[in-house]
Amino acid sequence: MNANYYQDPTQDVLKKLDVTQDGLTERQAEDRLQKYGKNELAGEKRTTILQKFINQFKDLMIIILLIATVISLLIGEASDALIIFLVVVLNAAFGVFQESKAENAIDALQEMTTPYTRVRRAGQIQQIQSNNVTLGDIILLEAGDVVPADARIIEAHNLKIEESALTGESVPTEKNSEILTDEKAGIGDQDNMAFMNTNVTYGTAEAVVTGIGMETQVGQIAGMISGVEQTTTPLQKNINHLSKILSVLILVIAAVIFIFGTVTGRETPFDMLLTAISLAVAAIPEGLPAIVTITLALGTQTMSKRNALVRKLPAVETLGTTEIIASDKTGTLTQNKMTVEQIFTDQKLMKVSDYALPLSSRMASIMLLANDSKRTKDGLLGDPTETALIQYFIDKKDDPAEIEQQYKRLDSVPFDSDRKLMSAIVKNKDGKIYCLTKGAVDVLLKRTTKIAVDGQVRDITPADRQKIEDTNSRLAHRALRVLAYAYKPVEKVAQQATSEAYENDLIFVGLTGMIDPERPEVEDAVKEAKAAGIRPLMITGDHKETAQAIAARLGIIEKGDDQGVITGSELDELSDEELRQNVDKYSVYARVSPEHKVRIVKAWQSHGKIVAMTGDGVNDAPALKTADIGVGMGITGTEVSKGAADIVLADDNFATIITAVEEGRKVFANIQKAVQYLLSANLGEVLTLSIMTFANWDIFLPVQILWINLVTDTFPAIALGVEEGEPDAMEHKPRGEKSTFLSNGVGSSIIYQGILESFLTLGVYLLAILDPVHQSSDMVHADALTMSFITLGMLQLGHAFNCKSIHRSIFTTKTFENRFFNWAILGSGVLLAATIFIPGFNNIFHVTTLNLTQWGIIFGAVFLMIVIVEVVKLVQRKTVYKNL
């Protein structure tokens, strides 16, 4: 089924497929259905909800937390075990909820197939279900049909097929039955082939089916989608990396504490085991998975309000790392509709923004009447070029019906690809008959003898022709599609409407230049992307000149830069290694196939770049799946592209991607703040307990360690996850694939801040030991342990304010505007203080009542913690981070 049928004469194709133009017999059709199966796309095996839920527990951090849950139960801390377990289950539920919406690409492909098709079987035309079309069927196509399978065209009459969802080319392709000699002709150049799920916009045709189901071009794309491996997101890599580091460190420290305490006789082996286990549980940032999930979920809500709909949670953060945005042109960077942009009349070229062609003009009547478009309740129906001519007048608030009512169409000479002209023969209310002609400039000029300028008709001069040709060339170099318009009075209607009868001795009136225009907001979005260190690429199925012109207009490449543009055929000449070595030279890729798009994405990924791919067509789906982040279009996008994407733009606005990138950077920064807070706090706990053990001091009891961990870890860290973004988030380059949660000075900050927390806690302990008020040694140690216990907890809560920004001062970060953060700190502080002030809690937590002086020392340590960190940040901003 994969033969290059476009290279064979139609009779050879029919012979290969063992069919005549009368079509298959019913027996043949039945046998082939049995042999080749239904004309359907193969479904992909789906994971059940239970499987998705179980998969959530394969993460190393989650496994560690489950172990911690079991250990907490063993040491009698049922409440802590329950909280850890709930965090894990909620995290898994969030993941399942997001994933249950995904993986619909193949289903969407099946739904796209047209339900019924007209075929000729045994010489009789009949209508059958499209999934019963089989190899060798003769199908009959007309405007409005969706092509049910890949087919070689046998006969074509003014046939045009819109293939943008497959090729990315915005203009319908003119089709014919001629043989092609190019052995490497791409999909967009196979003019004698019709492809599954493309739309017939004009004319009629007969074709023989050469490929069905998974053997069609769309089927191959479906196979590519199902064959693409899911990439691990930067966020997942970060968490896995962090989990491994923490696991090793926690186990080593716990083992050292246990061995040292047991050998020195500090406690019984069982008590030291409980202490070591408690320390290990405390050192695990069990709130991190929940914080990551909640921060991502809140990020998805914010992005949805700004028209970016997230299908997979990690995709939110991945966008923030994006270094390359490879964007489809048609419908993403452009509006996916032909628009009149320039008008040449009276020998003057004008932009439509500066000039409004009068509805009463001769040129207007040609544009509207030499036009086969139809107006329906659902809008304009017809060839996009012709509908654009009518839309031009509608947009400037004219009513085309005024002209249409003044003329009656008597006959027409239809467009064909050889002649490149079409004419309408019309009669006005005065009984005058005119031939109105539009078409290719060079062809129409050969048939022109006169020209209309400023309402006067005169003979056309060589200078006139030269100006028209120069204008045509000028517009064509800007990638505009140029149409010429002419007319002539007719004395009487010819017996047969032919080109020879009408299309000669014409009077030239003007030109229009049309283009699928860029979205107005995209140029600014491209500038913002570049300022943020992101490189935008254009990948399209359109012609090189069109792609180059649009890219230059948007600022993706410089005007006149043809070195940064490469075509699909030129890509074919490059091996994967050659493309990898040269990929940074190109910013525009024209006339590309789905395979090319995947190669381009992989070439950039081989350099360690995080690639976002945007697209709206069937042809974009494999690249969307291959890219680190796939961005589909919600309005113009096919269900296939949406199903393959990680994020869908509800407004199809390229600028929304940049908004989403900014949100992604904010999400990562907030998770990084939470990581800094959690790990510095946990390091403080570990160091404090370790030094107490090695110094042979009283040490915290397991219940005290777990309580500090419980009340100070989760809610303040979650609150940091909902902080506002840094004001200069889009003024820095992407952090890159190798960046982790510990990058950008966070790792060193965790270390010194954890050490600082530990030293301040131990300092308070020593001050309490030296307190001359107490006479009883037991009472001194009880108070000292209580003070250091409360100090360690309060230090962490105070330090949370430091963590509202990694490098900026807390006094420039709207310190108290995050109400959730304020309540989290207050609530955690109350829970910590409750161990002292609520009757009965003293015995449970083995603490004493403190006086005002002792509380003053505790809050003095907290104040000192904040001040020291602020001073360090100030020094960092003056030396290392001068741009902040």
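The values are calculated or read from the model by the stated rules, or taken from the named source; none is laboratory data. Predicted model only: the values in this text are computed from it and were never measured. FYI the Cβ positions are ideal-geometry reconstructions off the backbone, even for glycines, and counts take in every protein chain you see.
Data for the structure
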quantity	calculated
Some residue of region 394-402 being touching a residue at least 12 places away in the same chain (Cβ under 8 Å), under 23 Å from LYS160 (Cβ atoms), in the same structural domain as THR345 (by TED's automatic domain parsing) and in contact with a strand residue (DSSP E or B) (Cβ under 7 Å, 6 or more places away or on another chain)	no
Residue in region 482-491 that is assigned to a loop (DSSP other than H, G, I, E, B), among the acidic types (Asp, Glu), more than 30 Å from SER593 (Cβ to Cβ) and without any contact (Cβ under 8 Å) to a residue 60 or more places away in the chain present	yes
Those residues of region 116-155 which are among the acidic types (Asp, Glu) and not in a strand (DSSP E or B), in sequence order	ASP137, ASP145
Any pair with Cβ under 7 angstrom, 6 or more apart, that starts in region 602-630 at a residue that is under 22 Å from ASP651 (Cα atoms) and ends at one that is buried (at least 23 other Cβ atoms within 10 Å of the Cβ) and among the aromatic types (Phe, Trp, Tyr)	VAL611/TRP604
Count of region 351-380 residues which are in a loop (DSSP other than H, G, I, E, B) and either at pLDDT 85 or above or within 17 Å of VAL200 (Cα to Cα) (or both)	14
Hey, THR567 of a type in the set (S, T, N, Q) and buried (at least 23 other Cβ atoms within 10 Å of the Cβ) or not	no
Region 252-263 residues that are over 8 Å from ALA276 (Cα atoms) and assigned by TED's automatic domain parsing to the domain that holds TRP697, paired with ones that are of a type in the set (Phe, Trp, Tyr) and modelled with pLDDT under 80 (beta carbon under 7 Å, 6 or more apart)	PHE260/PHE694
Whichever residue in region 571-594 is within 20 Å of GLN190 (Cβ to Cβ), more than 19 Å from the chain's Cα centre (by Cα) and free of Cβ contacts under 8 Å to residues at least 60 places away in the same chain and, among such residues, is surrounded by the most Cβ atoms within 10 Å (Cβ to Cβ)	ALA590
Test: residue in region 558-570 that is touching a residue at least 24 places away in the same chain (Cβ under 8 Å), in a helix (DSSP H, G or I) and under 24 Å from the mean Cα position of the chain (by Cα)	yes
Any hit, region 663-674, residues being closer than 18 Å to THR293 by Cβ and in contact with a Pro (Cβ under 7 Å, 6 or more places away or on another chain)	no
In region 381-410, the residues that are within 21 Å of SER353 (Cα to Cα) and part of a loop (DSSP other than H, G, I, E, B)	LYS396, LYS397, ASP398, ASP399, PRO400
Test for LEU436: is it among the hydrophobic types (A, V, I, L, M, F, W, C), assigned to a strand (DSSP E or B) and over 29 Å from GLU469 (Cα atoms)	no
Unmet requirement for THR712, which otherwise passes all of (1) among the hydroxyl-bearing types (Ser, Thr, Tyr); (2) under 30 Å from VAL611 (Cα atoms); (3) at pLDDT 75 or above	(2)
Residues being small (Gly, Ala, Ser), surrounded by 13 or more Cβ atoms within 10 Å (Cβ to Cβ) and either outside any helix (DSSP H, G or I) or at pLDDT below 70 (or both) - total across region 26-56	2
Of all residues in region 460-482 being closer than 18 Å to ASP562 by Cα and touching a helix residue (DSSP H, G or I) at 6+ places or on another chain (Cβ under 6 Å), the one that is surrounded by the most Cβ atoms within 10 Å (Cβ to Cβ)	ALA479
Single residue of region 123-137 satisfying the filter (surrounded by fewer than 24 Cβ atoms within 10 Å (Cβ to Cβ) and among the aliphatic types (A, V, I, L, M)) that is nearest to the chain's Cα centre (by Cα)	ILE128
Helices (runs of 4 or more DSSP H) completely within region 255-335 that count 1 or more residues being more than 21 Å from ALA627 (Cβ to Cβ) and modelled with pLDDT of 75 or more	269-283, 287-305
Condition check for LEU574: out of contact with any Pro (no Cβ under 9 Å at 6 or more places or on another chain), farther than 29 Å from ARG419 by Cβ and part of a loop (DSSP other than H, G, I, E, B)	yes
Filter result for the condition that a residue is modelled with pLDDT of 85 or more and either touching a strand residue (DSSP E or B) at 6+ places or on another chain (Cβ under 9 Å) or buried (at least 24 other Cβ atoms within 10 Å of the Cβ) (or both), over ILE610, ILE635	ILE610
Sole exception among (1) surrounded by fewer than 21 Cβ atoms within 10 Å (Cβ to Cβ); (2) at pLDDT below 75 for THR167, by number	(1)
Any hit, region 656-663, residues being in contact with a strand residue (DSSP E or B) (Cβ under 6 Å, 6 or more places away or on another chain), surrounded by 19 or more Cβ atoms within 10 Å (Cβ to Cβ), touching a residue at least 40 places away in the same chain (Cβ under 8 Å) and not in a helix (DSSP H, G or I)	no
ASP398 surrounded by 15 or more Cβ atoms within 10 Å (Cβ to Cβ) and closer than 17 Å to ALA486 by Cα	no
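Condition check ((1) surrounded by 18 or more Cβ atoms within 10 Å (Cβ to Cβ); (2) touching a residue at least 12 places away in the same chain (Cβ under 8 Å); (3) within 28 Å of ALA782 (Cα to Cα)) across all residues:
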site: LEU797; (1), (2), (3): yes, yes, yes
site: CYS803; (1), (2), (3): yes, yes, no
site: PHE816; (1), (2), (3): no, no, no
site: SER828; (1), (2), (3): yes, yes, yes
site: ALA834; (1), (2), (3): no, no, yes
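Rundown of residues vs (1) among the β-branched types (Val, Ile, Thr); (2) under 37 Å from the mean Cα position of the chain (by Cα); (3) at pLDDT below 85, yes/no style:
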{"residue": "ALA655", "(1), (2), (3)": "no, yes, yes"}
{"residue": "GLY664", "(1), (2), (3)": "no, yes, yes"}
{"residue": "PHE668", "(1), (2), (3)": "no, yes, yes"}
{"residue": "ALA674", "(1), (2), (3)": "no, yes, no"}
{"residue": "LEU679", "(1), (2), (3)": "no, yes, no"}
{"residue": "GLY684", "(1), (2), (3)": "no, no, no"}
{"residue": "LEU689", "(1), (2), (3)": "no, no, yes"}
{"residue": "MET692", "(1), (2), (3)": "no, no, yes"}
{"residue": "ALA695", "(1), (2), (3)": "no, no, yes"}
